[in-house]
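The values are calculated or read from the model by the stated rules, or taken from the named source; none is laboratory data. Nothing here was measured: the structure is a model prediction, and the numbers come from that model. Neighbour counts are summed over all protein chains in view; Cβ atoms, including those assigned to glycine, are modelled from backbone coordinates with ideal geometry. Keep in mind that these areas ignore ligands, DNA and RNA; they rest on the heavy atoms of the full protein, side chains included. Shrake-Rupley method; radii C 1.70, N 1.55, O 1.52, S 1.80 Å.
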Amino acid sequence: AEKSDTVVTWEDQQNINKFSKLNNRFHELEDEIKFAKETNDNLEDAGNELILTDEDIVRFQIGEVFAHVPREEVEIRIEEMKEVNSKTLEKLEKEKETVLAQMNELKKILYGKFRDSINLEED
Amino acid sequence: MASASAETASSSSEIATAAASPTTERRGIPAAQFVEDVQTFLSQLDLDVNSALAFLQERLQQYKLVEMKLLAQQRDLQAKIPDIEKCLDIVATLQAKKEGGEALTADFEVSEGIFSRARIEDTDSVCLWLGANVMLEYSCDEATVLLQKNLENAKASLEVLIADLQFLRDQVTITQVTVARVYNWDVHQRRIRQAAAAAANES
């Protein structure tokens, strides 16, 4: 049986399309997760600096300016930001797992039908 | 699973012709025609293999151009959204300070690396930059409403843009698979011809 005899159905095409979209989303997620982790580190550093400083008024960046904010308020704000960021990171990690699982499912189906005629690996 | 796919395979030809072009185009992007059978496809286009491949390659180039444009728009929107959120944050902070009755002291950038201190007392209104060298004064509440609306519009535009990009990627994938199949079909045909010629020579 020659490779070129394999018929490509619309369903196959849709599977290939779906795999391509999932792969793109996977890479986007990796970038977003990296950014969220960096934000997390920055917030950690900020929190640590806050503990070390003995000033009562801290310059806290809001928008493009540095507002003079009392220390306790800054502490609360940073905690809130860390909360929000952790939740975002968790959501992204979960989505990444789902995407990977779906990709593996599709790989099984597509390799099953096309064997060597198709390559679904990362270059 | 196996029986279901066998069923779909037999009826797929009917479904496929109907579903082959679910949308003929989207926002000016032509949909790629899904090819059921390479032979029929080529006779339908009335092209030989090389011309067909050239046509498909050209389509891929066009798709690439549109993709560049859409990606640039996506980057702009993705930068704009955090900016609007920062503005909302500042307006909210000003309102909170007003309720507390205190002035807000802030260090702001006068020029690169040079900062100055400002004390913001009366915070009933803010000025919003609308673009085109126009800045308008709004009350804090009005400003919040406007910024919120801009944020929602930006997020909605981003969603539409992402859907467009996904549609585009599908068409690119379909076209790439068609190119591979046309090429393989051609190789297959050549082999048949060669085998036939060899058989003819022997006899």
Calculated [θ] (222 nm, deg cm²/dmol) that DSSP helices of n ≥ 4 give over chain B, each run adding -39,500 (n - 2.57)
-25500 deg cm²/dmol
Between helix A:71-114 and chain A: long-axis angle, C-alpha atoms, 0 to 90°, nearest 10
10
When the helices in chain A are scored as -39500 (n - 2.57) per DSSP H run of 4 or longer and the sum is shared across all residues, what 222 nm value do you end up with, to the nearest 500 deg cm²/dmol?
-26500 deg cm²/dmol
Rounded to a whole %, the carbon-and-sulfur portion of the accessible area of the protein assembly as shown at a 1.4 Å probe is 53
For labels at B:Glu121 and B:Glu142 in the simple 7 Å Cα→Cβ model, what's the distance in nm?
2.4
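Using the Kirkwood radius built from alpha carbon pairs, what does the Stokes-Einstein equation give as D for the stretch A:36-123 at 10 °C and 1.306 mPa s, in µm² per second? Can you show the working numbers first?
Numbers: Rh = 16.6 Å.
Reported coefficient: 96 µm²/s.
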At 7 Å along the Cα-to-beta-carbon direction for both A:Thr6 and B:Thr24, put a label point, then send me their distance in nm to one decimal.
3.3
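Just how many % of Cα pairs in the protein assembly as shown lie over 37 Å apart, if you round to the nearest whole percent?
Values: 22667 of 52975 pairs.
Summing the P(r) tail past 37 Å for the protein assembly as shown gives 43 percent.
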Ignoring ligands, DNA and RNA, the residues of the stretch B:107-156 whose accessible area with a 1.4 Å probe is reduced by 40 Å² or more relative to the chain alone are B:Asp107
Considering chain B as a Gaussian network with a 10 Å cut-off on Cα pairs, which listed residue, B:Glu109, B:Glu99, B:Glu85, attains the greatest mean-square fluctuation?
B:Glu109
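Tell me: how much accessible area in total is hidden between B and A, 1.4 Å probe, Å², nearest 100?
Result for this pair: about 2500 Å² buried.
Give me the accessible area per residue for the stretch B:2-183, probe 1.4 Å, as a whole number in Å². Intermediate values should be presented prior to the final figure.
Values: 11170 Å² over 182 residues.
Per residue, the stretch B:2-183 has an accessible area of 61 Å².
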Amide hydrogen neighbours beyond the local backbone of B:Ile120, cut-off 5 Å, H modeled:
B:Leu104, B:Thr105, B:Ala106
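Sequence gap at least 6, Cα distance under 8 Å: using those rules, report the relative contact order of chain B to the nearest whole percent.
Details: 141 pairs, mean separation 52.1, N = 203.
Worked out over chain B, it gives 26 percent.
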Principal-axis tilt of helix A:10-52 within chain A, Cα atoms, nearest 10 degrees
20
How long is the stretch B:88-203 along each principal axis, judged by its Cα atoms, biggest number first, in Å?
105, 33, 27
Per residue accessible area in Å² of chain A, where ligands, DNA and RNA are left out and the probe is 1.4 Å
67
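May I ask for the net charge around B:Asn153, where only other residues with Cβ less than 15 Å from the Cβ of B:Asn153 are counted and Lys, Arg are +1 while Asp, Glu are -1? The partial results should precede the final answer.
On the way: positive: B:Lys80, B:Lys149, B:Lys155; negative: B:Asp76, B:Asp83, B:Glu85, B:Glu152, B:Glu159.
Around B:Asn153, the surrounding residues sum to -2.
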